[in-house]
Amino acid sequence: MGYWIGLGKERQRGERRLKERMRDEEYMRLVLKLAQRGKGKTSPNPLVGALVVRKGEIVGKGYHQRAGGKHAEIIALDRAKEKAKGATLYVNLEPCASYGRTPPCVDRIIKQGIRRVVIGMIDPNPLNRGKGIRRLRANNIAVKVGVLQEEAERINRFWSSFITQGKPYVILKIAQSLDGQISTCTGDSKWITSSGARRYVHRLRTEVDAVLVGINTVLKDNPLLSARLGEKKLYRHQPIKVVLDSHLRIPLNAKLFSSPGALLIATTSSAPVKRIKELERRGARVLMVRKEKKKVSMRDLMQILAKEGIVSILIEGGREVFISAIESRIVDEVQVFIAPKIIGRVSKVSQAFPISNIRTERIGKDLLIRGECR
C-alpha cells in the first residue's frame, strides 16, 4: 500500500515540475520577445528583457532600450513597485552584480523582495560570470538557470562573441544564382535576388553595427549601404559603412559620402597621404591597417573595429572580400540567398534563365534544390 502511495506522490511531483517548466518557458518566450525590441539600439550592450510575475499575473515588464539606459530588470521592477515582493523575476541574461554605467541589478532585486529568479543564460563575461547568481542565492533567493538557453544565447550571439573573443561577430551574406554566380560576365548583379530578400537584408542592416564591402563593389555598384524601409524611407538605426580600399581608389563623389551612417575606409601603407586628407575632408575616417598579401589584413581590421566599439558586422561583398574573410577565419555566420535562376554567360541579370516550382530537400549534409526549366 505504502509503495503505491509513494508512487502517486512521485507522479504528482513530476506533474508539478512539468507544469512549472512549461510556465517558466512560456514567460521566458515573452521575455525574449521583449528583449528583441532593442535590436539595433543597445550595442555594445546585450539585448535583455524582463518580467515580474506574481500569482500568475505580469505586474512589471521592461527591456533594455539603449546603451547607458536603465537595465531591463530595473524597468520591470520600477513598474511592479510593491507588487514585486514575493514575485518571480524572469530575465534572459544573468543580472549584473557590478557597477558599470548603472548600479548592480542584483541589489535592486534583493531590495524589492523578489522570491525567485528565472534566467535564460549565464553572463559569458569571465569577469562577471556567475556573480549575480551567487549574490542572489546568498540572499536566499531561489534561482533557476538555463530556461530556453539556446534561444537566449542566439539573440545575444553578437554580444557574446564580442565579449569572449574580443572581435565583432561577422555575418557573411551572399546572394547568388542556382549556378553559383554572384554577377554576370559583365559584372551586373542588380538584382539577383527578389524584393523580399532585399527587404530582409535592409532589416538585417538595422540589427548590425556595420556593413562592410570591398572597393570593387563601390566602383561597380556605387551603393548607399543604408538601411531602407521601401525606396526612400530610412530605418532609425543606420549601420557604419566600412570599405576595404588598399590604394584609396574610392571616388570623392561616391554615394557613400552622402548616405546616412559614418564612413570608415580601411587602407594600408600603400595609400597616398594626399588622398587620405582629401577623403577626411569629405567626412570619411581613414583607418591604417596592416598589409597582408598586398591587401588589408582582415584579422587586424577586426581588432581595430572592436576597439571602435563595433560589435557586429555584415559583409556584403564582393567575391574577393568573401574569399579574404573566409581565409582569415573571421566569419561567424553565413547567410546565402540562392535565386531561382541560372545566369550562365548572359551579360545582364534580367536575361538569366528562370527556374520554377522550386523544392528543397536535405540529403545527408547536402541540400538538394529541384526546379523546373520552362
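Coordinate-derived values only; no laboratory data. Because the structure is predicted, anything quoted here is derived from the model rather than measured. Because the Cβ atoms are built from the backbone with ideal geometry, glycine has one as well, and the counts that use them run over all protein chains shown.
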So, counting K/R as plus one and D/E as minus one, what does the shell of residues with Cβ under 10 Å around residue 357 add up to? +2
What percent of all Cα-Cα pairs in the range 148-214 falls into each 10 Å bin, going from 0 up to the bin containing the maximum distance? 16, 38, 29, 16, 2
Under the 7 Å Cα-to-Cβ spin-label approximation, residue 82 and residue 359 lie apart by a distance in nanometres of 6.6
15 Å beta-carbon shell around residue 294, net charge (K/R +1, D/E -1): 0
How would the range 21-155 be classified by its alpha-carbon gyration tensor: rounded, prolate or oblate, with rounded meaning a/c under 1.5 and the a/b versus b/c comparison settling the rest? rounded
Express as a percent, rounded to the nearest 5, the fraction of DSSP beta bridges in the chain (both residues included) that run antiparallel. 40
Fewest to most Cβ atoms within 10 Å: 34, 234, 229 sort as 229, 234, 34
Computed over the chain: relative contact order in percent, which uses C-alpha pairs under 8 Å that are six or more apart: 15
Quickly rank 138-146, 242-250, 90-98, 336-344 as a protection proxy: mean count of other C-beta atoms within 10 Å, highest first. 90-98, 242-250, 336-344, 138-146
Step through the residues of the range 361-374 one at a time and calculate ³J(HN,Hα) from phi using the Karplus curve (6.51 cos²θ - 1.76 cosθ + 1.60, θ = phi - 60°), rounding each to whole Hz and writing x for Gly and Pro. 8, 7, 10, x, 8, 9, 10, 8, 10, 10, x, 10, 9, 9
Burial ordering of 360, 267, fewest other beta-carbon atoms within 10 Å first: 360, 267
Once amide H atoms are built 1.01 Å from N in the peptide plane, which residues 5 or more positions from residue 174, or in another chain, come under 5 Å H to H? 335, 336, 337
Considering the values (1) 202; (2) 277; (3) 123, which represents volume of the Cα convex hull per residue in Å³ as calculated for the structure under consideration? (1)
For the pair residue 350 and residue 277, the simple spin-label estimate (label points 7 Å beyond Cα toward Cβ) gives in nm 4.5
Given H placed on each backbone N at 1.01 Å, which residues far from residue 169 in sequence or on other chains put an amide H within less than 5 Å of it? 162, 312, 313
Proximal charge balance of residue 165 [Cβ under 12 Å; K/R count +1, D/E count -1]: +3
Amide H of residue 229: which non-local residues (sequence gap of 5 or more, or other chain) have their own amide H closer than 5 Å, using H built in the peptide plane? 234, 235
Per residue of the range 208-220, what does 6.51 cos²θ - 1.76 cosθ + 1.60 with θ = phi - 60° give for ³J(HN,Hα)? Whole Hz please, x for Gly and Pro, Karplus curve as stated. 9, 7, 8, 10, 10, 9, x, 5, 5, 5, 5, 5, 7
What ranking do 147-153, 368-374, 158-164, 46-52 get when scored by the average of other Cβ atoms within 10 Å per residue, highest first? 46-52, 158-164, 147-153, 368-374
